[in-house]
Amino acid sequence: MSTETCIVLEIPGEPGSKGRARSGRTKSGHTVHYTPEKTVIFENLVRSRFSEIKPFDWTPHEGVVDIEIDAYFPIPKSWPEWKREIAAGERMRAPNRMDWDNIGKAICDALNHIAYRDDRQVTDGLVRKRYSEHPRTEITLTFYPELKKPSKEA
């Protein structure tokens, strides 16, 4: 890549987040650790959507990546009409929903080994939480070229 590349994807439905790892015991008394099912489902949606829209010859990126996430939550039906109308403009913030960092974590983990080699490569990230009549998650990935040592010219 000679310049940065942008990929934008949209995940329909209510945004998901990284749930806390759970522990349980098997019938034989062994402890098992597992990821909550809702987290697994959301991460699989992110992976499959990226796989659908990635360029044909895509390999996991090796350089720096920036990520911007817009999480749009459903407008509560219990709200009065005036408040629902304001929220429908998709600018009203959604502070009482899931933690912003857990939204970012679920998406970054889902894209490991698919969009980029490892989510350690993400150097800048932004998560916005808003209300909308059309719940969804919009993800913008910006991939920067790897640094190359300049060649000496005579």
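To keep it simple, each residue is scored yes or no on (1) under 30 Å from Ala21 (Cα atoms); (2) hydroxyl-bearing (Ser, Thr, Tyr); (3) surrounded by fewer than 16 Cβ atoms within 10 Å (Cβ to Cβ).
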| residue | (1), (2), (3) |
| --- | --- |
| Thr59 | yes, yes, yes |
| Phe73 | yes, no, no |
| Ile86 | no, no, yes |
| Asp101 | yes, no, yes |
| His113 | yes, no, yes |
| Gln121 | yes, no, no |
| Gly125 | yes, no, no |
| Ile139 | yes, no, no |
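Quick check, is Pro36 over 13 Å from Ala110 (Cα atoms) and either free of Cβ contacts under 8 Å to residues at least 40 places away in the same chain or in contact with a strand residue (DSSP E or B) (Cβ under 8 Å, 6 or more places away or on another chain) (or both)? Answer is yes for this residue.
One residue stands out among those in segment 141-154 that are in contact (Cβ under 8 Å) with a residue 40 or more places away in the chain and of a type in the set (A, V, I, L, M): the one that is surrounded by the fewest Cβ atoms within 10 Å (Cβ to Cβ), which is Leu147.
Out of the residues in segment 48-81 that are among the polar types (S, T, N, Q) and in a loop (DSSP other than H, G, I, E, B), state the one that is farthest from Ala94 (Cα to Cα).
Of the residues in segment 48-81, the ones among the polar types (S, T, N, Q) are 48, 51, 59, 78.
The next check asks that each one be in a loop (DSSP other than H, G, I, E, B); those that pass are 59, 78.
Numbers: Thr59: 35, Ser78: 15 Å.
Top of the filtered list is Thr59.
Summed over segment 10-49, residues that are closer than 26 Å to Arg130 by Cβ and touching a Phe, Trp or Tyr at 6+ places or on another chain (Cβ under 6 Å) total 1. Filter segment 88-99 down to the residues that are surrounded by fewer than 16 Cβ atoms within 10 Å (Cβ to Cβ) and among the small types (Gly, Ala, Ser) and list them by number. Correct list: Ala88, Gly89.
Going through (1) in contact with a Phe, Trp or Tyr (Cβ under 6 Å, 6 or more places away or on another chain); (2) over 14 Å from Glu138 (Cβ atoms) one by one, Asn102 falls short only on (1).
We did not get these values from a lab; they are worked out from the coordinates using the rules stated. As the structure is a computational prediction, the values presented were derived from the model and not from experiment. Note that each Cβ is placed from the backbone with ideal geometry, even for glycine, and that neighbours are counted across all protein chains shown.
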